[in-house]
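Here's the structure, in structure tokens; my notes come after.
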Amino acid sequence: MQRSSDNGACDELDAIFARRAEPVAELLDDAEAVARTCHAMARRFHAGGKLVVFGNGGPSTDAQHVAVEFVHPVIVGKRALPAVSLTSDVATVTGVASGSGLDEIFAHQVHHLADPDDIALGISTDGRCANVRRGLEAARARGLLTVGLVGGDGGSIAAGGFDHVLIARATDPRVVKEVHVTMYHVLWELVHVFFDHPGTLEAEAVA
């Protein structure tokens, strides 16, 4: 009986890891897209732009995590880069939601706080968050570089015509979250790789 129970636990453990293997493998297959995203971000930072990050629920804390990683790198010797999370100011988020609706909480802030040289990074577990999409649309209208981190099939954000969209192809939101953490750590690291090789930041450089 014990052996059967142990085998069942091992099978379940194998299944848990298997659910994570394919999305990570697909991220590796998208290495060129990731590199091009990082190159575009590095060029914006190099030109004096900042990173503006936003997301709902769990991704709202991811937005804060991304911002602090860029502003206060945990790796000694890496340069700090300007970044702000639009989910951090509760008064502004709730005020805009009350006055203009939840769909506008990021678009409103982008319109009033972001500059054309900036980068907008929207994070959505399923790619269907209306306010994340609206934030990216407002960013595109202002001339920002638009980047989406989404899950599932990418949803309306992947179909929105934004500059770069990276997809964690999983339906389990826990797996999407884990792949997103890997994605934005890779974004951080590769942006700094480009800064370590400044010749790659010229317009004609190929990621």
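The values are calculated or read from the model by the stated rules, or taken from the named source; none is laboratory data. All figures in this text were calculated on a predicted structure; none of them were measured in a lab. We place every Cβ from the backbone using ideal geometry, glycine too, and count neighbours over all the protein chains shown. For the accessible areas, the whole protein counts, side chains as well, though only heavy atoms, and no ligand, DNA or RNA atoms are used. Shrake-Rupley method; radii C 1.70, N 1.55, O 1.52, S 1.80 Å.
Quick one: how many residues across segment 38-68 are more than 23 Å from residue 131 (Cβ to Cβ) and open to solvent by less than 50 Å² (accessible area, probe 1.4 Å)?
5
Pairs please, first residue from segment 156-184 and closer than 11 Å to residue 123 by Cα and modelled with pLDDT of 95 or more, second anywhere and assigned to a strand (DSSP E or B) and open to solvent by 20 Å² or more (accessible area, probe 1.4 Å), Cβ atoms under 8 Å, 6+ apart in sequence or on different chains.
Every condition considered, the pairs that remain are 157/165.
Go through segment 192-204 and count every residue that is at pLDDT below 75 and over 17 Å from residue 49 (Cβ atoms).
1
Checking residue 80 against (1) open to solvent by 20 Å² or more (accessible area, probe 1.4 Å); (2) in a helix (DSSP H, G or I); (3) in contact with a helix residue (DSSP H, G or I) (Cβ under 6 Å, 6 or more places away or on another chain); (4) of a type outside the set (Lys, Arg): exactly one of these is not met. Which one?
Going through the list (1) open to solvent by 20 Å² or more (accessible area, probe 1.4 Å); (2) in a helix (DSSP H, G or I); (3) in contact with a helix residue (DSSP H, G or I) (Cβ under 6 Å, 6 or more places away or on another chain); (4) of a type outside the set (Lys, Arg), residue 80 breaks only (2).
Pairs please, first residue from segment 29-42 and without any contact (Cβ under 8 Å) to a residue 12 or more places away in the chain, second anywhere and surrounded by fewer than 18 Cβ atoms within 10 Å (Cβ to Cβ), Cβ atoms under 8 Å, 6+ apart in sequence or on different chains.
If the second residue must be surrounded by fewer than 18 Cβ atoms within 10 Å (Cβ to Cβ), no pairs are left.
Might you check whether a residue that is out of contact with any helix residue (DSSP H, G or I) (no Cβ under 8 Å at 6 or more places or on another chain), part of a helix (DSSP H, G or I), at pLDDT 95 or above and not polar (S, T, N, Q) occurs anywhere in segment 125-132?
Within segment 125-132 (the criterion being out of contact with any helix residue (DSSP H, G or I) (no Cβ under 8 Å at 6 or more places or on another chain), part of a helix (DSSP H, G or I), at pLDDT 95 or above and not polar (S, T, N, Q)), the answer is no, since none of the residues qualifies.
Results for (1) out of contact with any Cys (no Cβ under 8 Å at 6 or more places or on another chain); (2) among the basic types (Lys, Arg); (3) more than 20 Å from residue 111 (Cα to Cα); (4) modelled with pLDDT of 95 or more, shown as yes or no for each residue.
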| position | (1), (2), (3), (4) |
| --- | --- |
| 27 | yes, no, yes, no |
| 41 | yes, no, no, yes |
| 64 | yes, no, no, yes |
| 70 | yes, no, yes, yes |
| 76 | yes, no, yes, no |
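Go through (1) under 19 Å from residue 177 (Cβ atoms); (2) touching a residue at least 24 places away in the same chain (Cβ under 8 Å); (3) over 16 Å from the mean Cα position of the chain (by Cα) one by one and return the number of the condition residue 18 breaks.
Failed condition: (2).
Among the numbered criteria (1) of a type in the set (A, V, I, L, M, F, W, C); (2) farther than 26 Å from residue 130 by Cα; (3) surrounded by 15 or more Cβ atoms within 10 Å (Cβ to Cβ), which single criterion is violated by residue 18?
(3)
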